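In what follows, a single structure is set out as structure tokens and then discussed.
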Amino acid sequence: MPLPRRTARDGWRVVTALAGGLPTDVVALKDGTVWVAGDHPVTRPTTPRREGRCVAVTRDGSIPVVWRKKGSENDRHWTLRDRDAPSNSRK
Amino acid sequence: MTASAGGSVWVFGTNPLPQGNELRLARWDGRRWHKIPSPEPPLPEWEDPRVIVTDLVATGPSDVWVAANIEVADEEPGYLLLLHWNGAAWSWQRGSKESGSGQLVPDGRGGFWLTRVEKDDLQHMAGRRRTPVRLPLAGDHGVNLVISQVPGSTRVWGVGVESETEYGNLIWSSG
């Protein structure tokens, strides 16, 4: 479902939705990377309007799943890093 | 634990004693620890409260805010206790019953954001004024939100469990 694009008066806006899964934590880094952890195997960002490409992945049995959003305005997509991947240790 | 401009690191904790909760703040200046006088906010002693620190944030070289949850008689989520150390003295605000307490995250402009307080999606503190924030597409009863600031910026990201609306769990951004 496309997300209505709304921005609150204080500047908060919806970036994307998570299709399934429960987000449990978020960490934003100085280089613009954002890590999102969820505790459900099918947690994934859906693709909202004007937010670039999102990668949809389903996975079973591996929790937590961690989504990484790259910081560049020109490279705004999400990739999945599971808990066994070495890059997960960056979070 | 939090860090402030000037290289200080602040830690805060509570020590539940038989005669009451002892609240402690200390500052590390890079070489040694400095003990800060303990605050003595009024607590509902007749209800045998437990003070649980949920977060702290430094908004200036000597400005530190501490959020705690005062749990009384097994009630959830308890009262918010918001403490402020200005470098010389403590002051505090106490929330209403079941106001709760969550994260304190800098806004990059000298204020900070509070999560899981008083059934609001979010609150913003500027000066000594707290303002409720309504997140777009959130339901009516507050989002179970976690947030993170991009260090050194005014940008903050949040993720939340939203079961009341058709949009499910959402990711927000500000700044």
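The values are calculated or read from the model by the stated rules, or taken from the named source; none is laboratory data. Quantities reported herein were computed from a predicted structural model and do not represent experimental measurements. For neighbour counting, all protein chains shown are included, and Cβ atoms are generated from backbone atoms with ideal geometry for every residue, glycine included.
If we keep just the residues of the stretch B:66-78 that are more than 12 Å from B:Leu104 (Cα to Cα) and either among the small types (Gly, Ala, Ser) or within 12 Å of the chain's Cα centre (by Cα) (or both), which is surrounded by the fewest Cβ atoms within 10 Å (Cβ to Cβ)?
My answer is B:Ala73.
Assess whether B:Thr165 counts as being modelled with pLDDT of 90 or more and over 18 Å from B:Gly102 (Cα atoms).
no
Does B:Leu170 qualify as being surrounded by 22 or more Cβ atoms within 10 Å (Cβ to Cβ), without any contact (Cβ under 8 Å) to a residue 40 or more places away in the chain, in a loop (DSSP other than H, G, I, E, B) and at the interface with chain A (Cβ under 9 Å from one of its Cβ atoms)?
Here the answer is no, as B:Leu170 does not meet what is asked.
Check B:Asp48, B:Asp63, B:Asp55 and return the single one that is acidic (Asp, Glu), surrounded by fewer than 21 Cβ atoms within 10 Å (Cβ to Cβ) and within 10 Å of the chain's Cα centre (by Cα).
Within the list B:Asp48, B:Asp63, B:Asp55, the selection yields B:Asp55.
Given the condition without any contact (Cβ under 8 Å) to a residue 12 or more places away in the chain and among the aromatic types (Phe, Trp, Tyr), answer yes or no: does some residue in the stretch B:70-83 qualify?
No, that holds for no residue.
Mind checking whether some residue in the stretch B:93-100 is surrounded by 15 or more Cβ atoms within 10 Å (Cβ to Cβ), within 14 Å of B:Val53 (Cβ to Cβ) and under 11 Å from the mean Cα position of the chain (by Cα)?
So far as the stretch B:93-100 goes, yes, one or more of its residues are surrounded by 15 or more Cβ atoms within 10 Å (Cβ to Cβ), within 14 Å of B:Val53 (Cβ to Cβ) and under 11 Å from the mean Cα position of the chain (by Cα).
Out of curiosity, is B:Pro41 in contact (Cβ under 8 Å) with a residue 40 or more places away in the chain and either among the hydroxyl-bearing types (Ser, Thr, Tyr) or more than 19 Å from A:Val26 (Cβ to Cβ) (or both)?
Yes; evaluated as a whole, the condition is true for this residue.
Within the bounds of the stretch B:25-36, is there any residue that is closer than 26 Å to A:Val26 by Cα and crowded, with 16+ Cβ neighbours inside 10 Å?
The answer is no, given that none of the residues of the stretch B:25-36 is closer than 26 Å to A:Val26 by Cα and crowded, with 16+ Cβ neighbours inside 10 Å.
Is the stretch B:133-156 home to any residue that is more than 19 Å from the chain's Cα centre (by Cα), buried (at least 22 other Cβ atoms within 10 Å of the Cβ) and at negative phi?
yes
In this structure, is B:Arg129 within 14 Å of chain A (Cβ to nearest Cβ) and exposed (fewer than 15 other Cβ atoms within 10 Å of the Cβ)?
yes
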